[in-house]
Amino acid sequence: MVLDSGRRPFRPPSPPRLGVFGPDLPGRRRRRRSPPPKGECPPAPYDGHPPPTPSLSPSLSLESDSSSSLAPPAHTAPRGWMRRSESSCAVNRREPRGRLLRSASSLPHLARDKGGKGRRSPCLLVALRPTNLEQEKASFFRSSFAYNPQFQYEEPLPTAVLDKYREASGQFLPQALRIMHAVLDRYGTYEDFEAINGGKLLSKGQIWSVIRKYLQKEGCSGEVVVQLTEDLLSQAVMMVENSRPTLAINLSGARQNWLEGMLRHEIGTHYIRGVNNARQPWHTPEGRQQFGLQAANPTEEGLASIHSVLFRKQPFLWRAALLYYTVYQAGHLSFVELFQQLEPFVRDANVRWEYCVRAKRGQADTSGPGCFSKDQVYLDGILRILRHRQTIDFHLLAALGKVSYEDVERLKDLGALEKARIPHFMLDLERYMQQLDHIVATNRLDEEELEQMLPD
């Protein structure tokens with residue numbers, strides 16, 4: 001499919017109609033099938049492409065077990081097929097069924113070969129997670145927040161990566177502060193804002209209902225494993241587990257008005273762009289180099305973060321702003337000083353501890369200045385996309401896969417677009433653009449200021 005040089009947005013083919021058990025595919029008669037035994041998934045061949053929407057979606061397990069899941073057929077995903085969001089993670093621990101969940105200071109697990117060949121080093125933020133985190137937290141709280149934690153790490157710290165993220169940026173510090181003060185000026189505290197706007201916490205049954213409806217909207221029922229747990233430090237984490245796309249959701253953070261935003265972030269953005277990316281000629285590292293692609297971030301996380309708040313009545317970009325501000329301050333303060341600096345914005349001491357750990361991860365002695373600046377990517381990406389929103393073709397940005405918005409125009413005639421998926425909430429482009437304008441206004445972002453900071 002070749003697109004002309006006009007401004008008409010890319011329009012994907014209409015998705016198949018969703019029936020009760022999944023999409024109705026032309027020319028195929030539906031027949032009854034016995035469901036697989038509980039806890040098992042029928043094997044399916046893998047042809048090198050992302051899994052198509054199945055004709056039958058697996059039954060939903062609503063067990064009380066925190067690891068109950070929406071289990072799709074077991075596909076063998078190619079290397080780099082889909083990468084999880086780095087925006088939220090869980091604590092490293094083994095579930096009774098052997099599922100690995102990760103903490104706010106970790107990236108997804110990368111499986112190691114049992115044999116000697118192809119053995120991979122542990123993923124970056126697993127290596128950066130202190131092994132004595134709970135002990136140091138106890139010491140910190142016992143000291144009435146006056147003790148600078150001394151963190152220990154199981155693996156040698158990746159020096160090259162630490163050097164890359166050693167310096168914090170202050171470029172968007174005024175915008176971060178403006179966003180946070182917009183919330184505090186209106187609600188007094190973030191906790192009050194969350195209670196008023198987030199809605200009630202949902203039960204497991206209610207969460208499953210929202211997930212089912214959302215997967216049907218995106219036409220991907222049965223493709224994503226979903227786990228419910230109480231052990232995540234943040235809202236959700238998307239990862240590849242046992243060669244299948246897996247989304248873990250924190251039960252304690254699933255609020256009535258915000259859960260669908262999390263699904264737009266993880267599935268509607270990261271998963272769908274990952275599926276589209278697998279069909280592109282640049283889906284491998286070698287391909288990206290051949291086509292001269294820029295890094296997917298900050299576009300990837302910026303776009304996902306925008307989608308998290310897209311249809312909120314009050315779409316404040318609080319989390320991205322607070323992460324940016326915390327990292328900047330960590331680059332100039334000790335752990336104790338950073339903890340004190342965040343008090344006007346985060347009243348809950350446990351939540352404040354988590355933000356400080358994220359910003360100080362990788363350090364052994366936290367008594368001096370130092371940060372891990374990766375978390376600044378969210379606000380950075382958000383502001384760049386909002387600044388250029390009038391010239392970005394958002395349908396192409398989704399269809400081309402894991403690409404930067406800056407590469408879209410030159411790649412539009414080179415991509416494989418015939419079977420591209422577009423998130424359902426992006427199909428009405430006029431409404432989508434109106435929501436972006438609403439986000440800009442709500443967060444007190446100055447258009448002229450952004451133009452000066454981020455010129456064409």
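Could you tell me whether any residue of the stretch 168-191 is among the charged types (D, E, K, R), open to solvent by 70 Å² or more (accessible area, probe 1.4 Å) and modelled with pLDDT under 90? No, there is no match, as no residue in the stretch 168-191 is among the charged types (D, E, K, R), open to solvent by 70 Å² or more (accessible area, probe 1.4 Å) and modelled with pLDDT under 90. Listed by first and then second residue, the pairs linking a residue in the stretch 162-180 that is under 25 Å from E448 (Cα atoms) to a residue that is outside any helix (DSSP H, G or I) and basic (K, R), with Cβ atoms under 8 Å apart and 6 or more places separating them unless they lie on different chains, are R178/R444; I179/R444. In summary, A420 fulfils each of the numbered conditions (1) assigned to a helix (DSSP H, G or I); (2) buried (at least 22 other Cβ atoms within 10 Å of the Cβ) with the single exception of condition (1). Of the residues that make up the stretch 206-216, is at least one outside any helix (DSSP H, G or I) and more than 24 Å from F394 (Cβ to Cβ)? There is no residue in the stretch 206-216 that is outside any helix (DSSP H, G or I) and more than 24 Å from F394 (Cβ to Cβ).
Residue under question is D393, and the condition is that it be more than 21 Å from the chain's Cα centre (by Cα) and touching a residue at least 60 places away in the same chain (Cβ under 8 Å); does it hold?
Judged against the criteria, D393 is a match.
Among the residues of the stretch 368-379 satisfying the criterion of being in contact (Cβ under 8 Å) with a residue 60 or more places away in the chain, in a loop (DSSP other than H, G, I, E, B) and open to solvent by 10 Å² or more (accessible area, probe 1.4 Å), which is farthest from P298 (Cα to Cα)? So the residue we want is G370. Can you find a residue that is β-branched (V, I, T) and under 24 Å from D446 (Cα atoms) anywhere in the stretch 377-384? Taking every residue of the stretch 377-384 in turn, at least one turns out to be β-branched (V, I, T) and under 24 Å from D446 (Cα atoms). A count restricted to the stretch 312-360 and to residues that are within 22 Å of the chain's Cα centre (by Cα), within 10 Å of C371 (Cα to Cα) and not aromatic (F, W, Y) stands at 7. None of N257, N276 is in contact with a helix residue (DSSP H, G or I) (Cβ under 9 Å, 6 or more places away or on another chain), within 24 Å of Y432 (Cα to Cα), in contact (Cβ under 8 Å) with a residue 24 or more places away in the chain and surrounded by fewer than 24 Cβ atoms within 10 Å (Cβ to Cβ) except N257.
Considering the stretch 252-311, the residues that are in a loop (DSSP other than H, G, I, E, B) and of a type in the set (F, W, Y) include one that is nearest to the chain's Cα centre (by Cα), namely W258.
So is S144 open to solvent by 70 Å² or more (accessible area, probe 1.4 Å) and either under 28 Å from I249 (Cα atoms) or at pLDDT 90 or above (or both) or not? Answer is yes for this residue. Restricting I439, I382, I392 to those that are surrounded by 23 or more Cβ atoms within 10 Å (Cβ to Cβ) and either in a loop (DSSP other than H, G, I, E, B) or hydrophobic (A, V, I, L, M, F, W, C) (or both) reduces the list to I382. Please determine, by comparing only the residues of the stretch 396-416 that are aliphatic (A, V, I, L, M) and over 24 Å from the mean Cα position of the chain (by Cα), which one is surrounded by the fewest Cβ atoms within 10 Å (Cβ to Cβ). It comes out as L414.
Of all the listed residues (D348, D365), the sole one being among the charged types (D, E, K, R), open to solvent by 50 Å² or more (accessible area, probe 1.4 Å), within 17 Å of K137 (Cβ to Cβ) and modelled with pLDDT under 95 is D348.
Summed over the stretch 334-345, residues that are more than 24 Å from G188 (Cβ to Cβ) and surrounded by 22 or more Cβ atoms within 10 Å (Cβ to Cβ) total 1. The lone criterion from (1) farther than 30 Å from G370 by Cα; (2) modelled with pLDDT of 90 or more left unmet by G222 is number (2).
Listed conditions (1) open to solvent by less than 50 Å² (accessible area, probe 1.4 Å); (2) not in a strand (DSSP E or B) are all met by M238, apart from (2).
The values are calculated or read from the model by the stated rules, or taken from the named source; none is laboratory data. None of these values were measured; they are calculated from a predicted model. We place every Cβ from the backbone using ideal geometry, glycine too, and count neighbours over all the protein chains shown. When the accessible area is computed, the model is the full protein with side chains, heavy atoms only, and any ligands, DNA or RNA have been set aside. Shrake-Rupley method; radii C 1.70, N 1.55, O 1.52, S 1.80 Å.
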